[in-house]
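These notes concern the structure reproduced below.
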C-alpha cells in the first residue's frame with residue numbers, strides 16, 4: 001500500500017465502529033460469528049461461522065459497511081464470503097476491544113505506510129493458515145473473481161512461504177476477459193420464467209444440486225442467458241481461483257480459429273480449448289451455423305472436455321433442435337445434459353428487476369411508477385433496464401423527479417410503451433373474428449378441435465408479437481397453466497413450418513393485426 005493510505009484493517013475497524021453505533025447489542029450478537037479476512041481492490045473478504053449468520057449479516061449489516069468502505073476507498077465494494085465453523089478471531093473480540101482500537105490508530109507495518117496496521121497470520125483450528133483456505137461461498141453483492149490460497153508472496157503460483165502480517169492480504173485473481181462484473185448470481189432476479197436456468201447455472205458453478213454437462217441455456221435476446229454465464233464464471237473463480245476458465249462468444253471462436261489457421265498456430269489453439277480449460281463458456285452458439293470447419297474443431301474440443309468431465313455451458317437463441325445448418329452430432333451433444341430455456345419475465349419479475357436495478361443505481365421511484373414501467377416494457381430485461389437508465393438520466397438532466405407524469409411522457413415519446421401496438425385483447429378479438437368465434441368461447445374450457453386450434457393460434461401470436469411470458473398468457477387465456485401455453489406455442493410453430501393451410505390462417509390474421517399496430 002502506498003504511503004499516506006490507510007491499511008485495510010484500519011478502514012475496516014472504522015467501518016465496524018460506524019456500523020456498530022447504530023445497534024451495538026445486535027451487532028455484537030451477530031459479529032461474534034464473523035471474521036475479517038481482507039480488503040483488496042474493492043473486494044471485502046469475510047468469514048462466517050455458518051450460512052445463517054452470513055445471510056443475516058449480509059442483509060442487515062453489509063449494506064452499511066459497504067457504503068462506508070466505498071466512500072473511503074472509491075471502490076464499489078463487493079463481498080466474498082467463506083463459511084468456516086472454526087473462526088479464530090471473530091470481529092467482536094478483535095475489532096471492538098479498546099486495545100485493538102488503539103492498535104488501529106498507532107501501529108504501522110514497515111511497508112504499509114504511516115498509521116497502517118499489521119496483524120499476524122490467523123490460522124484455523126486445524127493449523128492451516130486462513131489465507132490458504134479456499135472461498136466456499138460468494139454472497140449476493142456480486143463478488144468479483146478473487147484468489148484465495150495464495151498470499152502476496154505466492155501470487156505467481158509459487159508454492160510455499162508462510163504468510164506474514166504484511167503479505168496476508170488475499171490476492172485478486174486476474175480478470176477473465178469479456179466478463180461483466182455486475183453479472184453475478186446476487187444481481188440476478190429469479191422468477192418462474194428463469195427459475196430452472198438459474199438453478200442449473202448455480203449447480204454448474206458448484207453450488208449444490210445435480211450438475212448437468214453440458215448445460216444449454218436458450219432464450220430470446222436480453223433475457224439473462226449471458227448474465228447467468230458470467231455469474232457462473234465469477235462464482236467458480238471466487239471459489240476455485242486456480243480454475244482455468246474460458247469465456248468466449250461463438251463469433252470470436254470462429255475468428256480465433258481462422259487466425260490460428262493463418263498463423264499456423266493450431267496446436268496452441270487446440271491446447272487452449274482442449275487441455276488448458278476447466279470450464280468452457282460459449283455465448284451464442286448459433287453463430288457456428290454453416291461454418292463446417294469451425295464446427296468440426298468445436299466438436300473435438302467439446303468431446304475432449306466432456307470426456308475429462310470439464311463443465312461446458314452454451315447459450316443460444318434457439319433450442320438445439322431448431323439450430324439450422326448445425327451438424328447433427330453437435331446438436332445431439334448439446335442435448336446430452338440439460339436444455340434450460342428462459343422466457344420473457346412475467347409482470348411480478350419485471351417489477352422485481354426494476355426495483356433491483358433502481359437500488360443498484362441509486363434511482364428513487366414510487367411503486368406506481370415501477371409497476372407502470374413493468375407493464376409498459378414487456379419484451380426483455382435489457383430493454384427494461386435500458387428504459388429505467390434512460391429515464392434516470394433525463395430526470396437528472398432536467399432536475400425532475402421520476403413521477404408518473406414524467407414516466408408516461410418519456411416512455412410515450414420514446415415509443416417504449418408500444419401504446420399503439422396490438423394488445424392481448426386485440427389479438428384475441430381478431431382471432432375470434434377470423435375463426436367466427438366469441439371471445440368467451442376462446443377463453444372457455446371448450447376443447448372442441450376448432451376452438452382449441454383458434455386458442456392455440458391466439459396464444460402463439462401473443463407470444464410472438466408481444467413477448468409476454470407464459471404465465472401471463474396463461475392468466476390472459478382463462479387462467480390456464482403456463483405449460484399449456486408452452487405446448488400450444490410449440491405446436492403452432494411446428495404446424496406453421498409444415499402445414500400450408502395453417503400458414504395461410506396465420507398470414508391472414510397477421511395482416512389484420514398489422515392494421516392495428
For the stretch 24-40, state whether one or more residues are crowded, with 18+ Cβ neighbours inside 10 Å, touching a residue at least 12 places away in the same chain (Cβ under 8 Å) and assigned to a loop (DSSP other than H, G, I, E, B).
yes
Identify, from the list 135, 117, the residue that is modelled with pLDDT under 50, outside any helix (DSSP H, G or I) and touching a strand residue (DSSP E or B) at 6+ places or on another chain (Cβ under 8 Å).
135
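Yes or no, residue by residue, for (1) without any contact (Cβ under 8 Å) to a residue 24 or more places away in the chain; (2) outside any helix (DSSP H, G or I); (3) within 20 Å of residue 510 (Cα to Cα):
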position	(1), (2), (3)
447	yes, yes, no
454	yes, no, yes
460	no, no, yes
463	no, no, yes
472	no, no, no
480	yes, yes, no
485	no, no, yes
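Yes or no, residue by residue, for (1) under 13 Å from residue 314 (Cα atoms); (2) touching a residue at least 40 places away in the same chain (Cβ under 8 Å); (3) touching a helix residue (DSSP H, G or I) at 6+ places or on another chain (Cβ under 6 Å); (4) outside the structural domain of residue 320 (by TED's automatic domain parsing):
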{"position": "218", "(1), (2), (3), (4)": "yes, yes, no, no"}
{"position": "222", "(1), (2), (3), (4)": "no, yes, yes, no"}
{"position": "225", "(1), (2), (3), (4)": "yes, yes, no, no"}
{"position": "243", "(1), (2), (3), (4)": "no, no, yes, no"}
With free of Cβ contacts under 8 Å to residues at least 60 places away in the same chain, under 31 Å from the mean Cα position of the chain (by Cα) and not in a helix (DSSP H, G or I) as the only criterion, which of 75, 68, 52 stands out?
75
For the stretch 327-361, what are the residues that are in contact with a helix residue (DSSP H, G or I) (Cβ under 8 Å, 6 or more places away or on another chain), outside any helix (DSSP H, G or I) and closer than 22 Å to residue 204 by Cβ?
335, 336, 338, 339, 340, 341, 342, 343, 345
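With the structure loaded, tell me whether residue 407 is within 24 Å of residue 317 (Cβ to Cβ) and modelled with pLDDT of 85 or more or whether it fails that test.
Values: within 24 Å of residue 317 (Cβ to Cβ): no; modelled with pLDDT of 85 or more: yes.
No.
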Could you list, in sequence order, all residues of the stretch 61-77 that are closer than 20 Å to residue 185 by Cβ and either in contact with a helix residue (DSSP H, G or I) (Cβ under 8 Å, 6 or more places away or on another chain) or surrounded by fewer than 19 Cβ atoms within 10 Å (Cβ to Cβ) (or both)?
63, 76, 77
For residue 258, which of the numbered conditions (1) closer than 27 Å to residue 199 by Cα; (2) in a helix (DSSP H, G or I); (3) at pLDDT 90 or above fails to hold?
(1)
Looking at (1) buried (at least 22 other Cβ atoms within 10 Å of the Cβ); (2) free of Cβ contacts under 8 Å to residues at least 24 places away in the same chain, can you tell me which one residue 346 breaks?
(2)
Restricting attention to the stretch 373-395, which residues are over 14 Å from residue 358 (Cα atoms) and loosely packed, with under 13 Cβ neighbours inside 10 Å?
375
(1) buried (at least 21 other Cβ atoms within 10 Å of the Cβ); (2) in a loop (DSSP other than H, G, I, E, B) all hold for residue 197 apart from (2)
How many residues does the stretch 280-302 hold that are modelled with pLDDT of 95 or more and not in a helix (DSSP H, G or I)?
3
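So is residue 310 at pLDDT 90 or above and over 18 Å from residue 193 (Cβ atoms) or not?
Values: at pLDDT 90 or above: yes; over 18 Å from residue 193 (Cβ atoms): yes.
So residue 310 passes the test.
Collect the residues in the stretch 396-414 that are touching a residue at least 24 places away in the same chain (Cβ under 8 Å) and part of a helix (DSSP H, G or I), keeping them in residue-number order. It would help to see each step written out before you state the result.
Residues of the stretch 396-414 touching a residue at least 24 places away in the same chain (Cβ under 8 Å): 401-404, 407-408, 411, 414.
404, 407, 408, 411, 414 - these are the residues of the stretch 396-414 that are touching a residue at least 24 places away in the same chain (Cβ under 8 Å) and part of a helix (DSSP H, G or I).
The values are calculated or read from the model by the stated rules, or taken from the named source; none is laboratory data. Please read all numbers here as calculations on a predicted model, not as lab measurements. Every residue, glycine as well, gets a Cβ built from its backbone with ideal geometry; the counts of neighbours run over all protein chains shown.
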